[in-house]
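The values are calculated or read from the model by the stated rules, or taken from the named source; none is laboratory data. Treat the numbers as computed from the prediction; the structure is a model and nothing was measured. In this analysis, Cβ positions are derived from the backbone assuming ideal geometry, glycine residues included, and neighbour counts consider all displayed protein chains. Note: areas computed on protein heavy atoms with side chains; ligands, DNA, RNA excluded. Shrake-Rupley method; radii C 1.70, N 1.55, O 1.52, S 1.80 Å.
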Amino acid sequence: QVQLVESGGGLVQAGGSLSLSCAASGNIANMNSMAWYRQAPGKQREMVARIHKDGMTNYADSVKGRFTISRDNAKNTVSLQMNSLKSEDTAVYYCNGRFGIFLRDYWGKGTLVTVSS
């Protein structure tokens, strides 16, 4: 089994910055792609950023140029640096990871980010 634990959420003002971290533990010998998703009240969960095993990244159009995802394979962590935050970024942010040859999905419990306008 794999456990993913997010940290770093909180309340920030619009235009500010915040950094989220996700720590992976357990059976993580074959960690593949990692991602950050978010879900705002009344909306569907959406992919924010994904980082692949080789370091290549994908971003939602709404966060391109503002958010940066990174990973440290040695430390088994993935981070999301969020800059120029907008009220629209308010959501619960979830860490997602795919592990093993079957690319099984694992999810963290989420961390709340609230951006005040």
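Between THR57 and THR114, how high is the FRET efficiency from 1/(1 + (r/R0)^6) when r is the Cβ-Cβ distance and R₀ = 25 Å? Nearest 0.05.
0.50
Straight-line reach from LYS43: which aspartates and glutamates have a Cα under 16 Å away, not including same-chain ones fewer than 8 places off?
GLU88, ASP89
If the cut-off is a Cα-Cα distance under 26 Å, which lysines reach LYS53, setting aside same-chain residues fewer than 8 apart in sequence?
Leaving aside lysines fewer than 8 places away in the same chain, those within reach of LYS53 are LYS64, LYS75, LYS109.
So for the pair GLN39, SER19, with labels modelled 7 Å out along Cα→Cβ, what separation do we get in nm?
2.8
Could you check the simple spin-label distance between ASN30 and THR77, using points 7 Å along Cα→Cβ, in nm with one decimal?
Modelled inter-label distance: 2.7 nm.
Would you kindly calculate the mean projected area, averaged across all directions, of the convex hull enclosing the Cα atoms of segment 47-88, in square nanometres?
3.2
Could you bin all the Cα-Cα distances of the chain into 5 Å bins starting at 0 and give me the percent of pairs in each, rounded to whole numbers?
Final binned percentages: 2, 12, 24, 25, 19, 10, 5, 2, 0.
Could you sort LYS109, LYS75, LYS64, LYS86 by accessible area so the largest value comes first, with the probe set to 1.4 Å?
LYS109, LYS75, LYS64, LYS86
With a point put 7 Å past each Cα toward its Cβ, work out how far LYS86 is from ARG66 in nm, to one decimal.
0.5
How big, in percent, is the set of alpha carbon pairs in segment 58-117 lying more than 16 Å apart?
56
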